[in-house]
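One structure is given here, and the rest of the page talks about it.
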Amino acid sequence: MKVLALSCSPSRGRNSDTMLDHFILGMKEITGIEVEKIYLEDIPIDTYKYENSKGPQEYEAKFKELSEKITKEIFGLVIATPTYNFAVPSHLKNFIDRMRFFALDLSRKNKLKQPVGMLGHLRTYFLVSGGTPNWAEHILFFVFPSFWLRGVFLYFNAKVMGAYYSGDVKTFQNTKILKKCFKKGKKYAQKIKKHENQGVLEDIFWRPPQVD
Ligand SMILES: Cc1cc2nc3c(=O)[nH]c(=O)nc-3n(C[C@H](O)[C@H](O)[C@H](O)COP(=O)(O)O)c2cc1C
C-alpha cells in the first residue's frame, strides 16, 4: 500500500516539513505501508490556462510523473503545508488548480451540475502549520488551509481521513507536537490498511452531491 507524502513548504526542515517527517515515521510503524516523500517545489508546474487544461505540457515531465503516480500508484496522499495569507503557498494552490484534468470528470455532472470527482481511490490527510495559536484556529477554522483542503479533496471525491494544525512557529523543535504527528501518522496508516472510511462529519457535511 503506497502513500505519497507531499511536502509543500518552500522552507525545508522547518515546521510543516518536520511535522511530515514525524508523521512518516509513525506510518512506517505499520507493516505493509510504503511511503514516498516528495518536495512539491522540485516539480515545476506552469500556472493553469485553457491551453494546458487537458494535461501536462511536453516539458512538464515531472508533473506528468506525479499525476500518474496519484492516479495509478498510490492509495494515500498526505499533504504538509504552511498557512500563507489564510491559504496555501502559491505552488501548492497551482498544483491543485492543474489537477483538474485527472481529479474531475468534466463530461459527467452531479445534481448540482458540478463535475464528478475522480479521486475516489485516495485517502488523504493534511498537516498544517501556521503562526496563529491553536485556540484561535479552532474558532476560525474556516479561514485555514485544513478546512479548504478538506473541501477541495472531497470535491475531487477523495476520502479525508483527518487534518492536524500546529500554531507553534517553532514546531520543528516542539517534541510534544512532533510526537503527536508520529501518533497521527501511525493511526492514519492503521486506518488505511484496514480500508476504513472517513469520519462521520465528512460524510454528513461535506459529502459531494451524488451523481444522477
Ligand atoms: C507569506 C506568509 C504568509 C503567512 N500567512 C499566515 C496566515 O495567514 N496565518 C497564519 O496563521 N500564519 C501565517 N504565516 C505564518 C506561517 O504559516 C508559519 O510561520 C508556519 O509555521 C510556517 O511553516 P513552514 O515552516 O512549514 O513553512 C505566514 C507566513 C508567511 C511567510
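The values are calculated or read from the model by the stated rules, or taken from the named source; none is laboratory data. Predicted model only: the values in this text are computed from it and were never measured. Positions of Cβ are generated from backbone atoms using ideal geometry, with glycine treated the same way; all protein chains shown enter the neighbour counts.
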- Failed item in (1) touching a Leu at 6+ places or on another chain (Cβ under 9 Å); (2) part of a helix (DSSP H, G or I), with Glu41 passing the rest: (1)
- Out of the residues in segment 83-132 that are touching a Lys or Arg at 6+ places or on another chain (Cβ under 7 Å) and touching a residue at least 60 places away in the same chain (Cβ under 8 Å), state the one that is surrounded by the fewest Cβ atoms within 10 Å (Cβ to Cβ). Ala87
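Residues Leu66, Leu40, Leu20: which one is crowded, with 18+ Cβ neighbours inside 10 Å, within 17 Å of the chain's Cα centre (by Cα) and free of Cβ contacts under 8 Å to residues at least 40 places away in the same chain?
Details: Leu40 fails: free of Cβ contacts under 8 Å to residues at least 40 places away in the same chain; Leu20 fails: free of Cβ contacts under 8 Å to residues at least 40 places away in the same chain.
Just a single option satisfies the conditions, and that option is Leu66.
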- Which condition number does Pro10 fail, the rest of (1) of a type outside the set (Val, Ile, Thr); (2) without any contact (Cβ under 8 Å) to a residue 60 or more places away in the chain; (3) in a loop (DSSP other than H, G, I, E, B); (4) within 13 Å of His91 (Cα to Cα) being met? (2)
- Of (1) within 16 Å of the chain's Cα centre (by Cα); (2) more than 24 Å from Pro89 (Cα to Cα), Phe156 satisfies every one except (2)
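Would you mind stating whether Gly32 is touching a residue at least 60 places away in the same chain (Cβ under 8 Å), away from the ligand (no atom under 16 Å from the Cβ) and crowded, with 16+ Cβ neighbours inside 10 Å? Quick ask: steps written out before the conclusion?
On the way: touching a residue at least 60 places away in the same chain (Cβ under 8 Å): yes; away from the ligand (no atom under 16 Å from the Cβ): yes; crowded, with 16+ Cβ neighbours inside 10 Å: no.
For Gly32, the condition - touching a residue at least 60 places away in the same chain (Cβ under 8 Å), away from the ligand (no atom under 16 Å from the Cβ) and crowded, with 16+ Cβ neighbours inside 10 Å - is not met.
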- Item | Breaking point among (1) at pLDDT below 95; (2) within 16 Å of the ligand (Cβ to nearest atom), for Ser107 | (2)
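Every residue in segment 71-97 that is among the aliphatic types (A, V, I, L, M), within 16 Å of the ligand (Cβ to nearest atom) and under 12 Å from the mean Cα position of the chain (by Cα), please.
Val78, Ile79, Ala80, Val88, Leu92
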- Item | Answer from Gly55, Gly13 - the residue that is within 14 Å of the ligand (Cβ to nearest atom), modelled with pLDDT of 95 or more and exposed (fewer than 14 other Cβ atoms within 10 Å of the Cβ) | Gly13
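Report, by residue number, each residue of segment 126-179 that is of a type in the set (Ser, Thr, Tyr) and within 16 Å of the ligand (Cβ to nearest atom). Give the derivation first.
Step one: of segment 126-179, the residues of a type in the set (Ser, Thr, Tyr) are 129, 132, 146, 155, 164-166, 171, 175.
Ser129, Thr132, Ser146, Tyr164, Tyr165, Ser166, Thr171 - these are the residues of segment 126-179 that are of a type in the set (Ser, Thr, Tyr) and within 16 Å of the ligand (Cβ to nearest atom).
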- Note on the structure: Within segment 113-167, residues part of a strand (DSSP E or B) and at positive phi come out as Gly162
